[in-house]
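A quick write-up on the structure given underneath.
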Amino acid sequence: MSDTTTVQVNRVYIKATPQAVWDAITKPEWTAKYGYTGLAEFDLKRGGKHRTKPTQEFVDLGITNDLVDGEVLEVDPPRKLVITWKLQMDPSLVAEPYTTVTYDIEQTQTAGTRLTVTHDVTGAPNHAALVSGAQEDVNAGPGENAGGGWAWILSDLKSLLETGKGIAA
């Protein structure tokens, strides 16, 4: 019998304040600059909705619907955000259940801010493969690295906050 629980944990240390990391996760002017890009909108209260709308680059490719959506489960700015999360760009992903993403943001004594992203992709094998980085060489237009998953997104976020440019820039 196989284990149906899948939890992926990714961590990065960023020379930035917890507030700067929080803003980069929750504000569209930041989310459009790193990772797969997209314009995040959050109703930052328990039960609030969130979605990521396509940037102009996605629209130019014909992708006009929301890229990601879900619900806010817990919010404690700038320390913790827990959301349900589902990619809406492919029928195989839409068919899967919502997953849960937890962002833990902690100021450290010596290493700036520690950002830990825990993604519970239980029962969502297509999401699990995509966010794990297992499909790293897949190219999907904006973001240019469709399968780099959380490791790629967090590396790009770190680079953007520390240098003003993402790794793909």
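The values are calculated or read from the model by the stated rules, or taken from the named source; none is laboratory data. From a predicted model like this one, the values you see are computed outputs, not experimental measurements. Every residue, glycine as well, gets a Cβ built from its backbone with ideal geometry; the counts of neighbours run over all protein chains shown.
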Residues that are hydrophobic (A, V, I, L, M, F, W, C), assigned to a loop (DSSP other than H, G, I, E, B) and either in contact with a helix residue (DSSP H, G or I) (Cβ under 7 Å, 6 or more places away or on another chain) or at pLDDT 95 or above (or both), drawn from region 1-31:
Ala16
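Identify, from the list Thr6, Thr17, Thr64, Thr37, the residue that is more than 24 Å from Ser155 (Cα to Cα) and hydroxyl-bearing (Ser, Thr, Tyr).
Values: Thr6 fails: more than 24 Å from Ser155 (Cα to Cα); Thr17 fails: more than 24 Å from Ser155 (Cα to Cα); Thr37 fails: more than 24 Å from Ser155 (Cα to Cα).
Criteria check complete, one pass: Thr64.
Residue check: is Val68 crowded, with 19+ Cβ neighbours inside 10 Å, out of contact with any Lys or Arg (no Cβ under 7 Å at 6 or more places or on another chain) and of a type in the set (A, V, I, L, M, F, W, C)?
Working: crowded, with 19+ Cβ neighbours inside 10 Å: yes; out of contact with any Lys or Arg (no Cβ under 7 Å at 6 or more places or on another chain): no; of a type in the set (A, V, I, L, M, F, W, C): yes.
In short, no.
With the structure loaded, tell me whether Val9 is β-branched (Val, Ile, Thr), in contact (Cβ under 8 Å) with a residue 12 or more places away in the chain, in contact with a strand residue (DSSP E or B) (Cβ under 9 Å, 6 or more places away or on another chain) and surrounded by 13 or more Cβ atoms within 10 Å (Cβ to Cβ) or whether it fails that test. Even if it seems obvious, please write down each step before you answer.
Details: β-branched (Val, Ile, Thr): yes; in contact (Cβ under 8 Å) with a residue 12 or more places away in the chain: yes; in contact with a strand residue (DSSP E or B) (Cβ under 9 Å, 6 or more places away or on another chain): yes; surrounded by 13 or more Cβ atoms within 10 Å (Cβ to Cβ): no.
Here the answer is no, as Val9 does not meet what is asked.
How many residues does region 49-68 contain that are among the charged types (D, E, K, R) and more than 13 Å from Leu87 (Cα to Cα)? Spell out the reasoning first.
Just the residues of region 49-68 that are among the charged types (D, E, K, R), to begin with: 49, 51, 53, 57, 60, 66.
Cutting the leftovers down to more than 13 Å from Leu87 (Cα to Cα) gives us 49, 57, 60.
Qualifying residue count, region 49-68: 3.
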Identify the single condition in (1) under 13 Å from the mean Cα position of the chain (by Cα); (2) exposed (fewer than 12 other Cβ atoms within 10 Å of the Cβ); (3) not small (Gly, Ala, Ser) that Arg46 does not satisfy, given that it satisfies every other one.
(1)
